[in-house]
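Chemist: Below are the structure tokens for one structure; questions will follow.
The values are calculated or read from the model by the stated rules, or taken from the named source; none is laboratory data. Everything quoted here is computed from the prediction, not taken from an experiment. A quick note on method: Cβ atoms are made from the backbone with ideal geometry, for glycine too, and the neighbour counts reach across all protein chains shown. Side chains are part of the model used for accessible areas, which takes the heavy atoms of the whole protein and leaves out ligands, DNA and RNA. Shrake-Rupley method; radii C 1.70, N 1.55, O 1.52, S 1.80 Å.
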Amino acid sequence: MRAFKWGVLGGGQMGFAIKSGAVKAGVIRGSDVIVSDPVFNKQSYETKWKSFGAKCKEENKEVIQNAKFILLSVKPQILPEIADELAKLEEDQTVISVIAGQKLEKLESLCGKAKVVRVMVNTACSIGHGAAALCANDAVTAEDFEEIQALFNATNGAVDILPEKGFDAFTALSGSGIAYVYMMAEAMADAGVHGGLSRDYATKVAVQTILGAAQMAAQTKKHPAILKDAVTSPGGCTMAGVRTLEKLGYRSSIIEAIIATQERCQNF
Ligand SMILES: NC(=O)c1ccc[n+]([C@@H]2O[C@H](COP(=O)([O-])OP(=O)(O)OC[C@H]3O[C@@H](n4cnc5c(N)ncnc54)[C@H](OP(=O)(O)O)[C@@H]3O)[C@@H](O)[C@H]2O)c1
């Protein structure tokens with residue numbers, strides 16, 4: 001029996017988004033979380049973790065020794081640095097890796113005797129609206145997998161069990177894709193400012209427009225092209241914008257960006 005149910009190695013953005021989201025959703029207790037990160041000696045993130053009662057440590061061995069489910073949320077390049085620590089994991093422990101591009105096979109070879117679950121998610125899980133994909137190695141029990149799934153169900157709008165071969169595409173589309181939507185919001189707001197709106201107002205309207213479009217697509221389940229056609233009247237203003245976007249390679253730039261992201265994931 002480990003002292004903490006939930007451990008986190010790497011208390012940065014993603015680790016915090018997942019755990020704070022789960023605490024907010026009420027599926028885990030903050031006091032059941034132990035997190036390690038060398039930045040804790042430089043404080044900032046430590047204050048955030050402590051705000052919901054997590055135990056903060058600077059040394060990974062505290063998490064390795066004391067937690068049952070361990071969220072691995074360091075950058076991929078840190079893995080060699082912590083390999084000796086990961087090798088000490090025991091068979092009663094399960095590692096939940098959110099590291100982009102790191103396959104189950106590699107994680108298994110690094111994580112001692114621990115079972116391994118691979119997850120991809122985006123930062124919107126901190127407010128319960130992420131999209132997550134999960135896959136597990138054969139050693140993970142149905143009971144443990146259910147607990148892990150419950151954690152992600154509570155912090156995401158959609159959770160799917162995805163064959164591992166789809167992970168890099170999912171990472172590019174959703175884990176990174178959320179950044180490209182923010183860029184769209186930023187660009188739309190810039191255009192609003194160019195048109196004379198205040199920065200705050202233009203940003204608010206841009207965000208609400210994206211939110212509304214996403215809700216329409218999700219709720220109506222209509223193909224995005226049909227929803228686009230519905231606001232594109234013959235000879236109208238929207239069609240003038242559509243023509244310009246097509247001329248500038250709008251859809252192709254998004255496709256290429258997501259493919260480039262996927263290729264980068266494959267090269268970690
Ligand atoms: N951000 C996203 O949207 C996103 C989405 C999906 C998946 N991911 C994955 O999530 C992982 C973490 O990304 P992130 O954005 O959360 O990065 P991050 O904010 O930099 O968090 C990683 C944390 O790990 C800490 N760290 C560095 N060396 C460590 C060590 N030896 N032991 C323990 N912790 C250590 C870092 O401290 P320092 O800052 O001092 O180095 C940092 O606080 C990545 O593998 C990424 O692929 C991220």
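Chemist: Along the Cα-to-Cβ line of Gln215, 7 Å from the Cα, sits a label point; which residues in segment 6-28 have backbone N less than 12 Å from it?
Modeler: Label zone hits: none.
Chemist: With all protein chains present, calculate the accessible area of Val98 using a 1.4 Å probe and round the result to the nearest 10 Å².
Modeler: 20 Å²
Chemist: Okay, next question. Figure the gain on full extension for Ala139 and Lys228 (residue separation times 0.36 nm, minus the Cα-Cα span) and round it to one decimal in nm.
Modeler: Computed gain between Ala139 and Lys228 is 27.4 nm.
Chemist: Express in whole angstrom the spacing between the alpha-carbon centres of segment 246-268 and segment 182-206.
Modeler: The two parts, judged by their Cα centres, are 24 Å apart.
Chemist: Just tell me the longest site-free run in the chain, where the sites are GluC sites (Glu not before Pro) in a DSSP loop having at most 15 other beta-carbon atoms within 10 Å.
Modeler: The reported range is 92-268.
Chemist: If you don't mind, there's one more thing I want to ask. If you place +1 on the Cβ of every Lys and Arg, -1 on the Cβ of every Asp and Glu, and leave all else neutral, what size is the dipole of segment 111-251 about its Cα centre, to the nearest 20 Debye?
Modeler: The dipole of segment 111-251 has a size of about 540 debye.
Chemist: Could you work out how far helix 13-25 tilts from the main Cα principal axis of the chain, as a 0 to 90 degree angle to the nearest 10?
Modeler: So the helix axis and the longest Cα principal axis differ by about 90 degrees.
Chemist: Kirkwood Rh over alpha-carbon pairs of the chain, then Stokes-Einstein at 37 °C and 0.692 mPa s: what D in µm² s⁻¹, rounded to an integer?
Modeler: Rounded, D is 162 µm²/s.
Chemist: Still on this structure: Apply the Karplus parameterisation 6.51 cos²θ - 1.76 cosθ + 1.60, with θ equal to phi minus 60°, to every residue of segment 222-234 and state each ³J(HN,Hα) to the nearest whole Hz, in sequence, with x for glycine and proline.
Modeler: 7, 4, x, 5, 5, 5, 5, 4, 5, 10, 10, 7, x
Chemist: Count the DSSP beta bridges whose two residues both fall in the chain, then state the antiparallel fraction as a percent rounded to the nearest 5.
Modeler: Given both bridge residues lie in the chain, the antiparallel proportion sits at roughly 15 percent.
Chemist: In whole Hz and in residue order, list the ³J(HN,Hα) couplings for segment 211-220 that follow from phi through the Karplus curve 6.51 cos²θ - 1.76 cosθ + 1.60, θ = phi - 60°; x for Gly and Pro.
Modeler: Once θ is set to phi - 60°, the couplings for segment 211-220 become 4, x, 4, 5, 5, 4, 5, 5, 6, 7 Hz.
Chemist: Can you give me the accessible area per residue for the chain, using a 1.4 Å probe, in Å²?
Modeler: Accessible surface, normalised per residue, equals 56 Å².
Chemist: Quick one: which of Lys103/Lys221; Lys68/Lys103; Lys75/Lys204; Lys165/Lys247 span more than 27 angstrom between C-alpha atoms?
Modeler: With Cα atoms farther than 27 Å apart: Lys103/Lys221; Lys75/Lys204; Lys165/Lys247.
Chemist: Can you tell me what percent of all Cα-Cα pairs in segment 175-266 are more than 19 Å apart?
Modeler: The answer is 54 percent, as a whole percent.
Chemist: Shifting gears a bit: Report, in deg cm²/dmol and to the nearest 500, the calculated mean residue ellipticity at 222 nm for the chain, where each DSSP H run with n ≥ 4 adds -39500 (n - 2.57) and the sum is divided by the residue count.
Modeler: -15000 deg cm²/dmol
Chemist: Take the Cα of Glu105, step 7 Å along the line toward its Cβ, and report every residue of segment 251-268 whose backbone nitrogen sits under 16 Å from that point.
Modeler: 266-268
Chemist: Under a crude label model (7 Å from the Cα following the beta-carbon direction), how far is Asn267 from Lys5 in nanometres?
Modeler: 4.2 nm
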